[in-house]
Every structure is written in C-alpha cells, then in structure tokens.
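Worksheet: the structure to be examined is printed underneath.
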Amino acid sequence: MLAAILETTPHLRAHLVDLEPTASEARTTFAGRGLADRVEVRGGSFFDPLPAKADAYLLVDILHNWDDENARRILTRCAEAAGRSARILAIEAVSGIHASTEMDLVMLVHFGGRERRVEEFRALASSAGLVLASAAPLTSQRGLLEFRVA
Ligand SMILES: C[S@@+](CC[C@H](N)C(=O)[O-])C[C@H]1O[C@@H](n2cnc3c(N)ncnc32)[C@H](O)[C@@H]1O
C-alpha cells in the first residue's frame with residue numbers, strides 16, 4: 001500500500017513502522033521499487049512513540065486485530081505524535097457495511113480483536129483523544145475512516 005502511494009505521489013516521503021522481520025522485508029520491497037530514499041523503515045512497535053509531526057498516519061487492517069484497550073493504545077500513540085492539522089487514517093472493514101459476523105468471530109478467536117461499526121470507531125477514537133471526521137466507503141470490502149486530534 002505504501003509503495004503504491006509513494007509511486008503515485010512523487011513529492012511524498014514516508015515512515016513505515018512494523019515489527020521485524022516484516023520491516024526488513026519492507027526495506028527490500030522499497031529498494032526493489034526504487035523508493036528506498038523516500039521511505040524510512042523502522043523495525044519497532046506501534047505501542048511505542050511514533051514518528052512525530054507527520055501530515056498523515058495510515059493504519060491499514062490494524063485496529064481490527066486488537067481489542068478495544070489495545071486499539072485505543074495504538075490510536076493514542078497516533079494522537080500523541082500527530083499535530084493538530086494531521087490526519088489519522090484507518091482503512092478497515094466496517095461492521096454492518098463490509099464485515100460479517102463470521103469475520104468478527106474470526107478476529108476474536110485468532111487475535112482477540114473485533115470488527116467495529118462506525119459508531120464504535122467514533123467512541124474508540126474519542127477515548128484516544130481523536131474525533132472521527134469522516135467515514136467513507138472505499139472498496140466493496142473496506143472503508144476509510146479519518147480522525148483528527150480533538
Ligand atoms: C493484518 S497485517 C496488516 C499489514 C499492512 N498494514 C497491510 O495492510 O498489508 C498487521 C500488521 O501489524 C503488524 N504488527 C503487529 N503487531 C505490531 C506492533 N506491536 N507494532 C507494529 N506492527 C505490528 C504485523 O507485523 C503486520 O504487518
């Protein structure tokens with residue numbers, strides 16, 4: 001996803017945060033696509049402080065892997081790192097629109113996570129110091145949620 005965004009938007013620079021060995025694999029992917037000089041890959045956790053003052057923070061299929069307490073910790077890290085003009089973007093299956101009860105149960109059994117309705121994302125964000133600015137359909141399987149620092 002990030003490689004595609006960088007390829008279509010040449011002025012962007014980015015950080016990617018993921019655990020090792022995924023971070024190393026990402027470095028190889030970016031290098032292979034000629035993007036290594038525009039993206040800094042950090043092998044680390046999104047439960048630790050994130051790169052500060054980015055224009056946008058993008059979480060793709062992240063929050064549904066986690067229960068409310070841990071999803072709140074991730075969003076709180078985004079809120080702490082983001083400035084007031086930054087956007088925190090989550091691409092997720094939204095319960096009631098994309099996600100089925102079956103998928104909700106799969107996330108629970110495998111990860112202790114859950115699919116969330118728009119109102120549940122709003123409440124979760126609020127408890128992390130964010131406001132849900134918009135929720136829009138993206139594909140047949142994912143929605144785009146935009147949060148701002150409250
Ligand atoms: C469902 S995958 C989504 C990956 C990617 N965003 C995508 O859409 O292809 C979840 C990702 O979270 C990463 N992850 C799990 N725990 C993490 C942590 N504590 N800090 C950073 N990344 C973590 C995993 O390594 C994995 O890459």
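The values are calculated or read from the model by the stated rules, or taken from the named source; none is laboratory data. All values derive from a computational prediction rather than experimental measurement. With ideal geometry, Cβ positions are generated from the backbone for all residues, glycine too; neighbour counts draw on all protein chains shown. The protein model used for the area step is the full one, side chains on, heavy atoms only, and it has no ligands, DNA or RNA in it. Shrake-Rupley method; radii C 1.70, N 1.55, O 1.52, S 1.80 Å.
Per the Debye calculation on the stretch 1-45 with a single equal scatterer at every Cα and no solvent contribution, log₁₀ I(q)/I(0) for q = 0.16, 0.21, 0.25, 0.26 Å⁻¹ amounts to -0.36, -0.60, -0.83, -0.89. Mean residue ellipticity, 222 nm, helices only, the chain: the sum of -39500 (n - 2.57) across DSSP H runs of n ≥ 4, divided by residue count and rounded to 500, is -10500 deg cm²/dmol. Computed in the context of the full set of protein chains, the accessible area of the stretch 11-149 at 1.4 Å probe radius has 53% of its extent on carbon or sulfur. Using a probe of 1.4 angstrom and keeping all protein chains present, the accessible surface of the stretch 37-134 works out to 52 square angstrom per residue. At most 16 other Cβ atoms within 10 Å plus a DSSP loop assignment makes a site exposed; report the longest stretch of the chain without any exposed trypsin sites (Lys or Arg not before Pro). Value returned for the longest uninterrupted segment is 118-150. What percent do you get for the relative contact order of the stretch 55-150 when only Cα pairs under 8 Å and 6+ apart count? Computed value for the stretch 55-150: 35 percent relative contact order.
Ratio of Rg to Rh for the chain, alpha carbon only, Kirkwood? Here the Rg-to-Rh quotient is 0.96. The chymotrypsin sites (Phe, Trp or Tyr not before Pro) of the stretch 1-57 that meet both conditions, a loop assignment by DSSP and at most 12 other Cβ atoms within 10 Å of the site Cβ, are F47.
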